[in-house]
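K.L.:
Quick one: the structure is below, questions incoming.
A short reminder: the numbers here are calculations on the coordinates, not readings from a lab. Keep in mind the model is a prediction, meaning the values are calculated, not measured. All Cβ positions, even for glycine, are placed from backbone atoms using ideal geometry, and neighbour counts span all protein chains on display.
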Amino acid sequence: MYQVAAINHALDDAIQARIDNKTKPLGALGELEALALQLGRIQLGSATDELVIRRPVMLVFAADHGIAAAGVSIAPSEVTTQMVLNFVAGGAAINVFCRQTGFELEVIDCGILSPLGIPEVTEQRLGAGTGPIHKRAAMTLGAVHQGFAMARTLVKRHIDAGSNLLALGEMGIGNTSSAAAVMAALTGLPVSECVGRGTGIDVATLKRKCLLIEQALLLHHCELTEPLSILACLGGFEIVQMTGAMLAAAEFGVPVLVDGFIASTAALAAVRLAPGVRDYLIFAHESEERGHKLLLEAMSAKPLLRLGLRLGEGSGAALALPLVQAAANFYNQMASFGEAGVDKVVGPATQEVF
């Protein structure tokens, strides 16, 4: 159903040899070396080609959640709309970080409470907020498929315009509840290990949040058999469209910088739908949200950053862009031992140069 081409491993040895022959001890650039190899697998036709990061785009998907009315967050749903307007005005953290790092930013209304009807926000609405998942399904299966189609069109538009790196973020009051429910259903982990404090709820609110998610899982348990129905029963409109965007980017052979807990939940859904997607995902950071570490472990993902972030918006993904650019640049520009006239010395114990 989802056509994701197998990643090309034919050049692995040649790409790794070029990395190893740079003027440094073996492995001295740590995770940047693994990132360069991943980018090489995606982009390169030969090990002598150069890696290119071109027109990076940050896509921030916004939507509201019916469960928010049950008091699972420190803020009411109206804050989603207020923050979208803040994005438009350029005053949010994601605006600051995108300006700093060179991301083009696009904000997508996937289903906030009321449409804004302004050209600065791309309208891809699947509804006016999801259903409260502890009482009924978040959406229909038809809405999931519609969200995937919308996301694919969006991704294709940016790729056709020259982008070869996408980053995904989100905004939506109550979306850590939806993401935790989806995570629990996809992984089988206890709700207590998936649910965190989101934007900073107190102990009583955290307990209510856990109980409502348990209620949602029990209500829909007969339907939680595969990723599409899990998304329909428990997901958010922004989670669905991020999942669709990752599927589409992988289909077109373009890597995706994944932000925090909510975006990683969408990533797990995409990987479960098409395992080949995993090779195209770069995990920007490990957030403070309780379940994020376990979510990353479920995908054997090593995050680039650990900064204690818990903001969302794509903020961690924006901060990780310079590391992706650094991985490409050292691969392209760093001299080899032969080019620099530096002797390559290999130690017998460590097998490291120098």
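K.L.:
Starting from 0.36 nm per residue, how many nanometres of slack lie between residue 34 and residue 9 once their C-alpha separation is accounted for? List each step's numbers first, then the result.
P.N.:
Working: separation 25, 0.36 × 25 = 9.00 nm, distance 1.36 nm.
My answer for the length gained is 7.6 nm.
K.L.:
I want to verify a result. In a Gaussian network model of the chain, Cα cutoff 10 Å, which of these has the top mean-square fluctuation: 202, 343, 64?
P.N.:
Top of the fluctuation ranking is 343.
K.L.:
For the peptides 319-328, 76-85, what is the packing order when you average, over each peptide's residues, the other Cβ atoms within 10 Å and list the highest mean first? The partial results should precede the final answer.
P.N.:
On the way: 319-328: 20.3, 76-85: 18.5.
Put in order of decreasing packing, that is 319-328, 76-85.
K.L.:
Can you give me the Cα centroid spacing of segment 11-50 and segment 85-138 in angstrom?
P.N.:
37 Å
K.L.:
Quick check on segment 205-262: take the gyration tensor over C-alpha atoms, sort the square-rooted eigenvalues as a ≥ b ≥ c, and tell me if it's rounded (a/c under 1.5), prolate or oblate. All intermediate terms of the calculation are to be shown ahead of the outcome.
P.N.:
Values: a/c = 3.82, a/b = 1.79, b/c = 2.13.
Note, shape of segment 205-262 comes out oblate.
K.L.:
Something else: Can you give me the angle between helix 175-187 and the longest principal axis of the chain, using Cα atoms only, in degrees from 0 to 90, rounded to the nearest 10?
P.N.:
So the helix axis and the longest Cα principal axis differ by about 70 degrees.
K.L.:
Any chance you could list the semi-axes, whole Å, largest first, of the equivalent ellipsoid that the Cα gyration tensor gives for segment 1-43, using √(5λ)? Please list the in-between numbers first.
P.N.:
On the way: eigenvalues 125, 24, 7 Å².
So the three semi-axes of segment 1-43 are 25, 11, 6 Å.
K.L.:
While we're looking at this one, here's another question. Between residue 75 and residue 88, what length in nm is gained on full extension when 0.36 nm per residue of separation is reduced by their alpha carbon distance? If you can, show how the numbers build up before the last one.
P.N.:
Working: separation 13, 0.36 × 13 = 4.68 nm, distance 2.00 nm.
Length gained between residue 75 and residue 88: 2.7 nm.
K.L.:
Additional query: With unit charges on the beta carbon (Lys/Arg positive, Asp/Glu negative), name the residue among 37, 224, 124 whose Cα is farthest towards the positive pole of the charge dipole of the chain.
P.N.:
224
K.L.:
7 Å from Cα along Cα→Cβ at both residue 17 and residue 193: what's the point-to-point distance in nm?
P.N.:
Here the answer is 4.3 nm between the modelled labels.
K.L.:
Please tell me the relative contact order of the chain in percent, rounded to the nearest whole number, where contacts are Cα pairs under 8 Å and at least six residues apart. Walk me through the numbers before you get to the answer.
P.N.:
Details: 713 pairs, mean separation 86.7, N = 354.
Result for the chain is 24 percent.
K.L.:
Still on this model: Does segment 188-332 come out rounded, prolate or oblate, given a ≥ b ≥ c as the square roots of the eigenvalues of its C-alpha gyration tensor, rounded meaning a/c under 1.5 and, failing that, prolate meaning a/b above b/c? Provide the component values of the computation, followed by the final result.
P.N.:
On the way: a/c = 2.47, a/b = 1.41, b/c = 1.75.
In terms of gyration-tensor shape, oblate.
K.L.:
Tilt of helix 315-333 relative to the longest C-alpha principal axis of the chain, in degrees (0 to 90, nearest 10)?
P.N.:
For 315-333 against the chain, the angle is about 20 degrees.
K.L.:
Over all alpha-carbon pairs of the chain, lay out the pair-distance distribution in 20 Å bins, whole %, shortest bin first.
P.N.:
Percent of Cα pairs in each bin: 32, 54, 14, 1.
K.L.:
May I ask for the equivalent-ellipsoid semi-axes of segment 1-129, computed as the square root of five times each C-alpha gyration tensor eigenvalue and listed largest first in whole Å?
P.N.:
Values: eigenvalues 339, 61, 46 Å².
Ellipsoid half-lengths, sorted descending, are 41, 17, 15 Å.
K.L.:
Now for a separate question. With each pseudo-label sitting 7 Å past Cα toward Cβ, what's the residue 116-residue 55 distance in nm, one decimal?
P.N.:
Going by the 7 Å Cα→Cβ label model, 2.3 nm.
K.L.:
Grab the DSSP H runs of the chain that are 4 residues or longer, score each as -39,500 (n - 2.57), total them, divide by all residues and round the 222 nm result to the nearest 500 deg cm²/dmol. Write out the running numbers ahead of the final one.
P.N.:
On the way: 14 runs with 163 residues, N = 354.
Using -39500 (n - 2.57) per qualifying helix, the result is -14000 deg cm²/dmol.
K.L.:
So, counting K/R as plus one and D/E as minus one, what does the shell of residues with Cβ under 11 Å around residue 315 add up to? Spell out each step's value before the answer.
P.N.:
Working: positive: 310; negative: 170, 259, 313.
Around residue 315, the surrounding residues sum to -2.
K.L.:
Taking every pair of alpha-carbon atoms in segment 100-201, what share in percent sits in each 5 Å bin, from 0 to the bin with the longest distance?
P.N.:
All Cα pairs, binned at 5 Å, distribute as 2, 9, 16, 20, 20, 16, 11, 5, 1 percent.
K.L.:
Same structure, new question: Count charges around residue 62 for me, please; just the other residues with Cβ under 9 Å from its Cβ, Lys/Arg as +1, Asp/Glu as -1.
P.N.:
Net charge in that neighbourhood comes out at -4.
K.L.:
Tally Lys and Arg at +1 and Asp and Glu at -1 over the other residues with C-beta under 12 Å from the C-beta of residue 250: what net charge comes out? Write out the running numbers ahead of the final one.
P.N.:
On the way: positive: 152, 278; negative: 251, 279.
Once all neighbours under 12 Å are counted, the net charge is 0.
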